[in-house]
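Step one of this worksheet: look at the structure below.
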Amino acid sequence: MAAEARTSDDAVLGGRLVLRQPRKGHRVGHDAILLAAASSVRPGGHVVDLGAGVGAAGLAAARRVKDVTVTLVEIDASLLALAEENIARNDLRGRVRAVCLDVAASPAAFAAAGLRPGSADHVLMNPPFNAAHNPSPDRRRRLAHSASRDTLARWLRTVARLLRPTGALTLIWRADGLDAVLASLAGGFGAIAVLPVHPKPDTTAVRVLVRAVKASRAPLSLLPAFVLADAQGRPTEEAEAVLREGAALPLFWD
């Protein structure tokens, strides 16, 4: 099968970003766009997108905030190749680059890739968060979704090393795993803000967006819910603004 037949071209952010991605395995969805929108990314800053896949979150952040530079970190060489293609086709080559690294790689490996300790102003991550006891048979989907018991802790060690003092992390996670996120952040991060994401009104949250600041002692904040669709399944105005128009989630701005 030709490479073109194994991939698709998909527009996100109302056509502001076009992504080539595999037809099978993990596909770009709302999570990546919400993650980028919820990040307090500042012009002139350096953002690292860990586990970037084809680059959706990092590229969305670069599209939304001018003059920010982004490094996409991805372990899967085939996804990395697509991320590099997506950088070029969205005319972001001057501000975004991609490197092939395991998030749990050594500090020396990161430094060799130009990611030295304290070099990031902001880290984005959408790590695997499903239990590894029922993994997908598809290798790419398994890498994107299946987590071991210590996955979150290993990723956060890398985040803490990469962030400058008072640098910020934004991550997206299962809502029913929020306790694990808060426990893993304890000690090294503060000013934690939690935004529950609900599919519809009167439903339980399925995701949480979490922002945390390195070495801060500020207290936790639980933010008002973000609702994706109304009771009839139509996108809310707030969801349309974020997912199609490229708006930020302003409650995550300092």
Could you pull out the residue among VAL47, VAL28 that is among the aliphatic types (A, V, I, L, M) and either farther than 22 Å from ALA247 by Cα or touching a residue at least 40 places away in the same chain (Cβ under 8 Å) (or both)? VAL47
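Would you please name the residue that is modelled with the highest pLDDT, looking only at residues in the range 127-167 that are of a type in the set (Ser, Thr, Tyr) and under 20 Å from ALA180 (Cα atoms)?
Among residues in the range 127-167 that are of a type in the set (Ser, Thr, Tyr) and under 20 Å from ALA180 (Cα atoms), the one modelled with the highest pLDDT is THR158.
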On the given criteria, is ARG116 modelled with pLDDT of 95 or more, more than 28 Å from ARG16 (Cα to Cα), over 18 Å from the mean Cα position of the chain (by Cα) and surrounded by fewer than 17 Cβ atoms within 10 Å (Cβ to Cβ)? yes
Considering only residues that are of a type in the set (S, T, N, Q), part of a loop (DSSP other than H, G, I, E, B) and surrounded by 14 or more Cβ atoms within 10 Å (Cβ to Cβ), which ones fall in the range 75-109? ASN90
Looking at (1) closer than 19 Å to LEU13 by Cβ; (2) at pLDDT 95 or above, can you tell me which one GLU245 breaks? (2)
Is it the case that ALA83 is farther than 17 Å from THR170 by Cα and out of contact with any Gly (no Cβ under 8 Å at 6 or more places or on another chain)? no
In the range 56-77, how many residues are over 12 Å from the mean Cα position of the chain (by Cα) and in contact (Cβ under 8 Å) with a residue 60 or more places away in the chain? 4
Might you check whether a residue that is surrounded by 16 or more Cβ atoms within 10 Å (Cβ to Cβ) and of a type in the set (Lys, Arg) occurs anywhere in the range 189-203? no
Can you spot a residue in the range 59-74 that is crowded, with 21+ Cβ neighbours inside 10 Å, in a helix (DSSP H, G or I), aliphatic (A, V, I, L, M) and touching an Asp or Glu at 6+ places or on another chain (Cβ under 9 Å)? yes
Which ones in the range 65-113 are modelled with pLDDT of 95 or more and of a type in the set (Val, Ile, Thr)? VAL68, THR69, VAL70, THR71, VAL73, ILE75, ILE87, VAL96, VAL99, VAL103
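The values are calculated or read from the model by the stated rules, or taken from the named source; none is laboratory data. This is a predicted model, so every value here is computed, not measured. All Cβ positions, glycine included, derive from the backbone under ideal geometry; neighbour counts span all protein chains shown.
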